[in-house]
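See below for the structure under consideration.
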Amino acid sequence: MRSSALVFTLALLASQSGLLNGQDRVERSQVLDDLRYVIALLEETHPDPYSAFGGEVEFKRRVQALLDSVPENGLTPAELYDLLRPVFGELGDGHTYISSPPASDPRDPLRYLPVRFELATDVLFVKSATPEYADLIGYGLKSVRGESLDVAAARAAMVRPSENVYAARRWLLRYLRSNRGAQRLYDDVAGELSVQFVGLDGGQIERTLPYELEREAYFGGEWRAVRWDAIDPAVGPFAWQFIGDSDVAYLRVSSIVGREAFEELRAVGRQDLRDQLSNYYERYETTPMPESVDEAIEGVPCFTTAVHDVLTAMQERNSEYLLVDLRGNGGGWSALTVPLLLLTYGDRYFDYDYPVTFVTRISPAYLSLNDLTLRELNDRLEADYRLGDYRFMEEGSLASGATSDEYAAELEVFGCRLSEYFREMDGHTIRSPTVLVLVDAATFSAAYHFMYRLWHLGARIVGVPSSQAGNAFVDVTPYQLPHSGLTGSIARTAQIFFPEDEEKGRVLFPDFPMTWQHFVDYGFDEHATVRYAVDLIVNGLEP
């Protein structure tokens, strides 16, 4: 069965050398090949590509309509993207999407709005602005080009698949900020955007905002914005401190990535290890990635070390509260949550029985990503799977699958002294603080898993609901179409976190939601959520 995996891998490698820009025309026969290729990948990789369309027959009807709509003179990659993206939008899976191609001759130079939006639980509002537009700070967005916020967000969900209303609003915020993003929603947008704002008092104003800022000015220019100086700017994927002169500990986790992840990827022989390391160094390090993979892994900090250090410092100061900040955290490697959960909760986490089910489809793409044949997979799992089968995994407790000694041995693959610390603790903890988890709509994927596990163990959630649904599809499987070069991802696993609660399975609402009024009260501070959490602690966790 290795041939199936190799076909998938070779198709990706072959297409990488011929990536087209958005306006190169692809012949009709090649467009049809690309369409059939991505649909076949979707059907053989995704756990459930049919239900969102009303069943397999309706899915097939939609696919046939796509094939029939391809004109005789073919399509450009940009046109093929526009043809396919509503299909992914209707699927509504944040891990399954198609990315837009690079534009060879953009209609307009890239420009940004002079305002920045933020998402509260109840509205999308202006968080900061250039001095000329500072009067708009704090106003809520009521409509875009005459469309209500909900209708505009639904447009965004057809461009970028969204699992709940907070995902749709998050992508609306993202697309509206630039003219090229807005053109994905409204084809005739040019140099300005007409919007209607509403104030807390209900008063409404209409404004036409220009797309006038270049990228450098938008991301680094002069803005009327507030940032609490009690929080040090974070460096790297995680950092910790005590807030000001208080005993409240603050752990910023901006990405679920650390040396432990790369140690495991190296141990299992993951084919994308170098690419994953390269992505890490590009994002977090100022020096180039070492040529040696081993040296590169040594240069990545251990999350275990950060957790051990903050808990030890809390023990020395008899500190009671720990804020775990997951705002803006788009995910990474879910197992990286283990160091904090083990060192903070000890046997309580080891014995905790999570009501979680993961369902992975056995596909050529899955085998290729792990460089396994089907026989090798079955030998490893002592199973008898066939392509297309589903592997059902009930998470349960760690204790249900191993003794503490056996689990300690399993932890050795992560390095970073995690196994050593676990053995030394002997079921106890370094410190067992009261944990508040800070989240926003961008808390996604593995970061959602982190929040969910902490919440089950008694942590309280503060912020704006995640754009990730608890009952959803995860585990990105990248693809690239052979002729057009379009890229994207297909989920290969279904996660069921709330088997008996469909509402929570779509939106896990915070214990202490950050409303529009809260952001107003804290002056639209970048760290308004942190300040609210600190005030909650002062008030005995009473809102």
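So if we plug the beta-carbon distance of Glu424 and Glu502 into 1/(1 + (r/R0)^6) with R0 = 51 Å, what FRET efficiency do we get, rounded to 0.05?
0.75
For the chain, give me the percentage of DSSP beta bridges that are antiparallel, rounded to the nearest 5 percent.
Taking every DSSP beta bridge with both residues in the chain, the antiparallel ones total about 75 percent.
Could you size up the charge dipole of region 137-210 around its Cα centre, putting +1 on the beta carbon of Lys and Arg and -1 on that of Asp and Glu, and report it in debye to the nearest 20?
Magnitude of the dipole: close to 320 debye.
Can you give me the % of accessible surface on the chain that is carbon or sulfur? Probe 1.4 Å, all protein chains present, nothing else counted.
The C+S portion of the solvent-accessible surface of the chain is 47 percent.
Antiparallel DSSP bridges in region 225-354: what percent, to the nearest 5?
Roughly 50 percent of the beta bridges in region 225-354 run antiparallel, per DSSP.
Between the alpha-carbon centers of region 387-450 and region 308-382, tell me the distance in whole angstrom.
One Cα centre to the other: 4 Å.
Fully extended, how many nm does the chain gain between Leu110 and Glu394 (0.36 nm per residue separation, minus their Cα-Cα distance)?
In short, 97.5 nm is gained.
Could you check the spin-label model distance between Val520 and Ser292? Points 7 Å from the Cα along Cα→Cβ, value in nm.
The modelled label-to-label distance comes out at 6.0 nm.
What is the list of residues in region 59-79 whose amide nitrogen lies under 20 Å from a point 7 angstrom out from the Cα of Asp48, following Cα to Cβ?
59-63, by backbone N distance to the label point.
Assuming 0.36 nm per residue, please report the length gained on full extension of the stretch Arg283 to Ala65 beyond their Cα-Cα distance.
Fully extending the segment from Arg283 to Ala65 adds 74.4 nm.
Can you give me the distance in nm between label points at Ser99 and Asn73, each placed 7 Å from the Cα along the Cα-to-Cβ direction?
Between Ser99 and Asn73, the simple spin-label model gives 3.0 nm.
What ranking of Ile496, Ile243 comes out by heavy-atom accessible area, probe 1.4 Å, highest first?
Ile496, Ile243
Can you give the FRET efficiency to the nearest 0.05 for Arg207 and Leu541, using r as the Cβ-Cβ distance and R₀ = 41 Å?
Computed FRET efficiency for Arg207 and Leu541 comes out at 0.55.
With +1 assigned to the C-beta of every Lys and Arg and -1 to the C-beta of every Asp and Glu, and no other charges, what is the dipole magnitude of the chain about the Cα centre in debye, to the nearest 20?
1140
Would you mind counting up the charge near Gln196? Only other residues with Cβ under 12 Å from its Cβ, with Lys and Arg at +1 and Asp and Glu at -1.
+1
Place +1 on the Cβ of every Lys and Arg and -1 on the Cβ of every Asp and Glu in region 348-437, take the dipole about the Cα centre, and give the residue among Thr434, Asn378, Val413 whose Cα lies farthest towards its positive end.
It is Thr434.
Please give the per residue accessible area of the chain, computed with a probe of 1.4 Å over protein heavy atoms only, in Å².
Normalised by residue count, the accessible surface of the chain is 44 Å².
Expected output is a single nm value to one decimal: the length gained when fully extending between Glu222 and Arg375, i.e. 0.36 nm times separation in residues minus the C-alpha distance. What is it?
That pair, Glu222 and Arg375, stretches by 49.2 nm at full extension.
What spacing in nm lies between the two simple spin-label points modelled at Leu200 and Val268, each 7 Å away from Cα in the Cβ direction?
About 4.8 nm, to one decimal.
To the nearest 0.05, what FRET efficiency results for Ala383 and Ala234 with a Förster distance of 41 Å applied to their C-beta separation?
0.45
About the Cα centre of region 43-143, what is the dipole size in debye to 20, counting +1 per Lys and Arg Cβ and -1 per Asp and Glu Cβ, all else neutral?
It comes to approximately 360 debye.
Match the structure shown to one of the listed values (i) -0.55, -0.68, -0.82, -1.11; (ii) -0.49, -0.63, -0.79, -1.17; (iii) -0.57, -0.73, -0.92, -1.34 of log10 I(q)/I(0) by the Debye sum over Cα atoms at q = 0.08, 0.09, 0.10, 0.12 Å⁻¹, computed from it, and give that label.
Correct label, based on the coordinates given: (iii).
The values are calculated or read from the model by the stated rules, or taken from the named source; none is laboratory data. Predicted model only: the values in this text are computed from it and were never measured. Note: ideal-geometry Cβ built from the backbone for every residue, glycine included; neighbour counts use all protein chains shown. Heads up: the accessible areas ignore ligands, DNA and RNA and are worked out on the full protein's heavy atoms, side chains in. Shrake-Rupley method; radii C 1.70, N 1.55, O 1.52, S 1.80 Å.
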